[in-house]
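The values are calculated or read from the model by the stated rules, or taken from the named source; none is laboratory data. Keep in mind the model is a prediction, meaning the values are calculated, not measured. For neighbour counting, all protein chains shown are included, and Cβ atoms are generated from backbone atoms with ideal geometry for every residue, glycine included.
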Amino acid sequence: MATTVAKAAEDTTTVTHAARIEHVSKSFAGPAGQQLVLDDITLDVAPGEFVTLLGASGCGKSTLLNLVAGLDRPTTGSIATDGRPALMFQEHALFPWLTAGKNIELALKLRGVAKSERRARAEELLDLVRLGGAHGKRVHELSGGMRQRVAMARALAQDSSLLLMDEPFAALDAITRDVLHDELTRIWRERGLSVLFVTHNVREAVRLAQRVVLLSSRPGRIARRWTVDIPHPRLLEDTAVAELSREITEELRGEIRRHGQH
């Protein structure tokens, strides 16, 4: 099957998806030849939808996210997005020699925002992530949670309708992660963003998403999908969240057993 390079949707007046992944496979060269990492993935993310990708380590979640971001090309299949996505990593990747505000201003500069507007726009974004007044703080002065808030503000500075998030809260303590779940949910709903969120944490997936997509391992295929009909606000300890998390965990364990992972 011919390869189609990831591309942006051209007609934004008739957008029916934020991201469309069609029959995507990805192979990498290895010592034993080509290794198939993703196999025939088809998935749409609707405008304003929050989708989580869940699976065991090594199942290709981050690889798929990088393909959607345009950082790599699929071996076969096609990916289309409504404009250029914004990407947020597990590590904050802030420039330590810049202040919190200047990190955001750099993203605005790269987007072509006039110098005279950047300071005010950066402060607006810091206010959005509840870091008002932190414009002049250096990275080393910020806690882990604050750094991720700045990273989120920097991603939002790209003014994309599609936010790609690769385990952005995995390194944070449980309380900070819980708070940032609330903040992300608030920003997603206020801004009408589409989010594709990678995690290996089942409860995090259920708390945040409207749909959970489980990938199998070796190679990554879509094993199952769930629609999460639990009203917001959600808490990790909510009964409905816990029950669905148990169901998904059993499926995940089954996939791990089937593929011989420990």
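Annotations
- Every residue from the range 149-171 that is touching a Leu at 6+ places or on another chain (Cβ under 7 Å) and part of a loop (DSSP other than H, G, I, E, B): 157, 161, 169
- Flag for residue 18 being farther than 26 Å from residue 251 by Cα, modelled with pLDDT of 85 or more, within 18 Å of the chain's Cα centre (by Cα) and crowded, with 22+ Cβ neighbours inside 10 Å: yes
- Condition met for residue 200 (more than 13 Å from residue 53 (Cα to Cα), touching a Lys or Arg at 6+ places or on another chain (Cβ under 9 Å) and not assigned by TED's automatic domain parsing to the domain that holds residue 131): no
- Taking the range 192-202 as the range and being surrounded by fewer than 21 Cβ atoms within 10 Å (Cβ to Cβ) and either hydroxyl-bearing (Ser, Thr, Tyr) or over 14 Å from the mean Cα position of the chain (by Cα) (or both) as the test, only 192 passes.
- Of 151, 205, all but one fail to be hydrophobic (A, V, I, L, M, F, W, C) and over 22 Å from residue 241 (Cα atoms); the exception is 151.
- Residues of the range 163-191 that are within 25 Å of residue 102 (Cβ to Cβ) and under 13 Å from the mean Cα position of the chain (by Cα): 163, 164, 165, 166, 168, 169, 184.
- Checked against the criterion of being out of contact with any Lys or Arg (no Cβ under 8 Å at 6 or more places or on another chain), hydroxyl-bearing (Ser, Thr, Tyr) and touching a residue at least 12 places away in the same chain (Cβ under 8 Å), the candidates 160, 194 yield just one match: 194.
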